[in-house]
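The values are calculated or read from the model by the stated rules, or taken from the named source; none is laboratory data. Keep in mind it's a predicted model, so treat the numbers as computed, not measured. Neighbour counts are summed over all protein chains in view; Cβ atoms, including those assigned to glycine, are modelled from backbone coordinates with ideal geometry. Note: accessible area is taken over every heavy atom of the protein model, side chains too, but ligands, DNA and RNA are not part of it. Shrake-Rupley method; radii C 1.70, N 1.55, O 1.52, S 1.80 Å.
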Amino acid sequence: MSETRATRTVVVTDPAGVHARTAVAIAETVRRGKSRVTLIKDREPVSGTDVLQILTMVTHQGETVTLEAIGPDAEAVLSELEPLFAGRFGDEAPQSV
Amino acid sequence: MKFADFICREAILAQLQASDKEGAIREMVEALSKAGQVEAEESEGIVKAILKREELGSTGIGRGVAVPHTKHPSIEKLVGTVAVSPQGVDFASLDGEVVHLFFLLVSPPDRPGDHLRALENISRQLRDDTFCRFLKQAKTVADIQQLLNEADNNQFGS
């Protein structure tokens with residue numbers, strides 16, 4: 001499978017912002033995939049596998065994050081990540097904890 | 001936000017005794033209660049709320065660190081404590097490692113911004129390997145307090 005690059009800009013709609021659960025879910029999703037993922041807020045890039053870096057971004061509801069993935073499953077991993085910014089984890093109803 | 005803004009120094013535990021997740025959380029909430037930060041009759045409800053949150057996904061964020069937390073209506077202002085477990089606690093962490101360093105947070109339901117800023121402070125400081133290592137090696141409450149003070153004075157941090 002060839003390596004591709006995909007980017008997506010997401011607005012955080014989770015009322016709690018990007019909290020610990022979101023950060024862990026992002027890192028778990030990226031680690032499961034085969035692509036390198038970077039999150040960018042205010043031009044500051046952080047690694048998608050590092051919970052501490054993701055939490056250091058301090059992203060509140062209404063703010064924008066750019067996701068960049070490079071690898072064989074770049075588009076797929078971004079599609080998995082996008083719902084997390086809305087507080088949607090798996091099949092559960094939206095919530096903020 | 002600095003550690004001094006939300007860490008209750010009187011509730012810091014340098015030698016966490018518990019060896020499992022529930023025991024560790026209970027020990028930290030009891031320390032907050034003894035320090036007068038949490039009403040005694042609310043302690044059990046807070047422990048249960050934190051455990052319920054853990055069921056959604058562990059707050060063991062890797063590098064031997066966990067940030068168990070909850071919102072609770074009995075709390076008016078974000079409060080937290082730090083605990084060091086010399087033997088480590090199995091917390092079902094992201095990286096499978098046992099947890100030696102805990103930051104427990106309890107926040108009012110209507111202040112998600114404060115919670116995020118506290119998490120940011122914890123995360124930013126822990127990105128410094130020296131701070132993280134020294135904190136895990138701390139043997140006394142005074143050692144921990146000193147490290148938190150130094151972090152608040154920008155002597156660590158990336």
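If DNA, RNA and ligands are ignored and the probe is 1.4 Å, what is the ranking of A:MET57, B:MET1, B:MET28 by accessible area, most exposed first? Present the calculation step by step, with values, prior to reporting the outcome.
Working: A:MET57 25, B:MET1 75, B:MET28 0 Å².
The residues order as B:MET1, A:MET57, B:MET28, largest area first.
Taking square-rooted eigenvalues a ≥ b ≥ c of the alpha carbon gyration tensor, is chain B rounded, prolate or oblate, where a/c under 1.5 means rounded and, failing that, a/b exceeding b/c means prolate?
Details: a/c = 1.38, a/b = 1.19, b/c = 1.16.
Since a/c stays below 1.5, the shape of chain B is classed as rounded.
Expressed as an acute angle from 0 to 90° and rounded to the nearest 10, what is the orientation of the C-alpha long axis of helix A:20-32 relative to the principal long axis of chain A?
The helix A:20-32 is inclined about 10 degrees to chain A.
Considering only DSSP beta bridges with both partners in region B:1-119, what is the antiparallel share in %, to the nearest 5?
On the way: 9 of 16 bridges.
Of all bridge pairs located within region B:1-119, approximately 55 percent are antiparallel.
Rounded to the nearest 500, what is the 222 nm mean residue ellipticity of the protein assembly as shown from helices alone, with -39500 (n - 2.57) per DSSP H run of 4+ residues and division by all residues?
Working: 8 runs with 90 residues, N = 255.
Helices in the protein assembly as shown give a 222 nm mean residue ellipticity of -11000 deg cm²/dmol.
Positive end of the charge dipole of the protein assembly as shown (Lys, Arg +1 and Asp, Glu -1 on Cβ, about the Cα centre): tell me which of B:ILE50, B:PHE134, A:VAL24 has its Cα farthest that way.
Among B:ILE50, B:PHE134, A:VAL24, the one farthest towards the positive end of the dipole of the protein assembly as shown is B:PHE134.
Antiparallel DSSP bridges in region B:71-158: what percent, to the nearest 5? Please list the in-between numbers first.
Numbers: 7 of 8 bridges.
If we restrict to bridges inside region B:71-158, about 90 percent are antiparallel.
Measuring from label point to label point, each 7 Å out along Cα→Cβ, what is the A:ILE40 to A:GLU75 span in nm?
With each label placed 7 Å out from Cα toward Cβ, I get 2.1 nm.
Could you put B:ASP143, B:ASP128 in order of accessible surface area, largest first, with the 1.4 Å probe and the full protein assembly present?
Numbers: B:ASP143 60, B:ASP128 30 Å².
Result of the area sort, largest leading: B:ASP143, B:ASP128.
Residues with beta-carbon under 10 Å from that of B:PHE134, excluding B:PHE134: net charge, scoring Lys, Arg +1 and Asp, Glu -1? Before the final figure, lay out each step's value.
Working: positive: B:ARG133, B:LYS136; negative: B:ASP128, B:ASP129, B:ASP143, B:GLU150.
For residues surrounding B:PHE134, the net value is -2.
Along the Cα-to-Cβ line of B:GLU150, 7 Å from the Cα, sits a label point; which residues in region B:107-135 have backbone N less than 11 Å from it?
B:130-135
Find which of A:LEU52, B:HIS69, B:SER33 sits farthest along the positive direction of the dipole of the protein assembly as shown, computed with +1 on the beta-carbon of Lys and Arg, -1 on that of Asp and Glu, about the Cα centre.
Positive-most Cα among the choices belongs to A:LEU52.
Heads up, I need the accessible area for A:HIS60: 1.4 angstrom probe, whole protein in place, Å², nearest 10.
50 Å²
Using a Debye calculation, one point per C-alpha and no hydration shell, please list log10 I(q)/I(0) for the protein assembly as shown at q = 0.09 Å⁻¹ in order.
For the protein assembly as shown, the Cα-only Debye profile gives -0.38.
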